Each structure stands twice: as structure tokens, then as C-alpha cells.
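Working notes, beginning with the structure itself.
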Amino acid sequence: MNHSSDLILPHGGYRKLRSFAVALAAYDGTIIFCERFIDKRSRTHDQMVQAARSGVQNIAEGSLASGTSKKTELKLTGVARASLGELIRDYEDYLRQNNLPVWDKESTKVRAMRARLAGKLTKSVRLSDKSDRSDRSDVFDEPLLAALAALRTSSAEVSANIMLCLSHQASYLLKRQMERLETDFVQKGGFTERLYNYRKEHR
């Protein structure tokens, strides 16, 4: 006999998703970047913060909705990725408009940064602000914490390129997540199919 748990699948585990952790770091990093380099009265400031927030919130909302709607989860994950795409454009625009370079994605420093954020390199930088660990250690690992710490003291060029790396990585992770969700939906169906089968077996 099926149980109710067979009908409503486990959901809401977004805090364990790497995509959520990196997107949250991109959101927190955007707050730091905008406070340091963007006029608080400007529309750009609000747009960047809202785009970063949207990326995080839609991952969480999609995860919470997944128990009864994989379609909604897939849609909201796509919205999260689109918001990060908007954020990426904002950082590229900032660098261009301030005559600062966008680091080549195949350059040594960017490849090293990507590998470090992906956990493929051991830590080489100590955190300067240990207090950052207290309220975020359940989500952020050492590379993400180190990236956020670097944003507090780095130049605009370095900070914007760190943010580009974070945002691109979050977008890539969401792309992979969407591909997995699409495969699961095709193979296993959604809530409607489970509800039909559940009612059929309990008649």
C-alpha cells in the first residue's frame, strides 16, 4: 500500500543545494559590492540587489513547491537563472562603463578562482573577518566565505570579477539542476500523475 509520503515527495531541502549556497553568496556579495561601489540612490543599486535576491528566493520557492509541482520547481529554477543572467550583465556593464577589464574566463586567475569555488583547490587565503562564519556556516563553505571576505577590501576591478565568477558558477549549477529536473519529470512524471495513480490504487 502507498503512504502519503508516496504522493507528496520530500521537498524544501534547498539549503543543501550547492546552487543555493553559491547564489546566496552572490546575493550577499552584491550587497557588499553595491555598498562600496554603487550610489545607494541610483536605480542600478536597487536593480542589482533585486536581481541577486530573486536568484536566491526563486531557488528556495521552487524547492518548497516541488512536493506538489515539479513543473513549478522547474519554472522557478529557470526564473532564478534568468535573474542571475541579469546580474551578470550588470557586472559586465559596470566594468565596461568604468573602463575596467572583464577577466578572460580561461585566464589563469579565473580558472584558479573557479576551481577554488568548486572545492578543487585547498584554501590558500585566511579569512580576515572570523565573525562572517557565525551566522552562515550552515550554508557557506570556506571558499565562499573567503570570496565574501575579499570583497570587503578588494578594488572595484577585482570585486566585480569575483562577483562575475560567483554569478556564472551559480548560473551553471542551476543549468545542471534544470537538466536534472527535466529528466526526472520525463521519467517519473509529476504530482498529477502520482495523484491519479494513488486514487486509482485506493478505489
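Check off (1) among the charged types (D, E, K, R); (2) in contact (Cβ under 8 Å) with a residue 40 or more places away in the chain; (3) in contact with a Leu (Cβ under 8 Å, 6 or more places away or on another chain) for GLU61 and give me the number that stays unchecked.
With (1) among the charged types (D, E, K, R); (2) in contact (Cβ under 8 Å) with a residue 40 or more places away in the chain; (3) in contact with a Leu (Cβ under 8 Å, 6 or more places away or on another chain) applied to GLU61, the lone miss is (2).
Residue-wise test of (1) hydroxyl-bearing (Ser, Thr, Tyr); (2) more than 15 Å from ALA52 (Cβ to Cβ); (3) modelled with pLDDT of 85 or more; (4) touching a Leu at 6+ places or on another chain (Cβ under 6 Å).
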site	(1), (2), (3), (4)
LEU95	no, yes, yes, no
SER131	yes, yes, no, no
ARG136	no, yes, no, no
GLU142	no, yes, yes, no
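Tell me which residues, restricted to segment 150-188, are at pLDDT below 95, surrounded by 14 or more Cβ atoms within 10 Å (Cβ to Cβ) and more than 12 Å from the chain's Cα centre (by Cα).
MET178, LEU181, ASP184, PHE185, listed by residue number.
Considering each residue of segment 16-62, count those that are surrounded by fewer than 21 Cβ atoms within 10 Å (Cβ to Cβ) and more than 16 Å from LEU166 (Cβ to Cβ), and give that number.
Residues in segment 16-62 being surrounded by fewer than 21 Cβ atoms within 10 Å (Cβ to Cβ) and more than 16 Å from LEU166 (Cβ to Cβ): 16 in total.
So which residues in segment 33-63 are in a helix (DSSP H, G or I) and in contact with a His (Cβ under 8 Å, 6 or more places away or on another chain), if there are any at all?
Within segment 33-63, CYS34, SER63 qualify.
Which condition number does SER66 fail, the rest of (1) modelled with pLDDT under 95; (2) buried (at least 19 other Cβ atoms within 10 Å of the Cβ); (3) within 18 Å of SER154 (Cβ to Cβ) being met?
(3)
Among the numbered criteria (1) at pLDDT below 85; (2) assigned to a helix (DSSP H, G or I); (3) under 21 Å from the mean Cα position of the chain (by Cα), which single criterion is violated by HIS11?
(2)
Considering only residues that are assigned to a loop (DSSP other than H, G, I, E, B) and touching a residue at least 24 places away in the same chain (Cβ under 8 Å), which ones fall in segment 91-122?
ASN98, LEU100, PRO101, VAL102, TRP103, LYS105, ALA118, GLY119 - these are the residues of segment 91-122 that are assigned to a loop (DSSP other than H, G, I, E, B) and touching a residue at least 24 places away in the same chain (Cβ under 8 Å).
Does SER107 qualify as being modelled with pLDDT of 95 or more and hydroxyl-bearing (Ser, Thr, Tyr)?
Judged against the criteria, SER107 is not a match.
The values are calculated or read from the model by the stated rules, or taken from the named source; none is laboratory data. Model, not experiment: these values are computed from the prediction. Every residue, glycine as well, gets a Cβ built from its backbone with ideal geometry; the counts of neighbours run over all protein chains shown.
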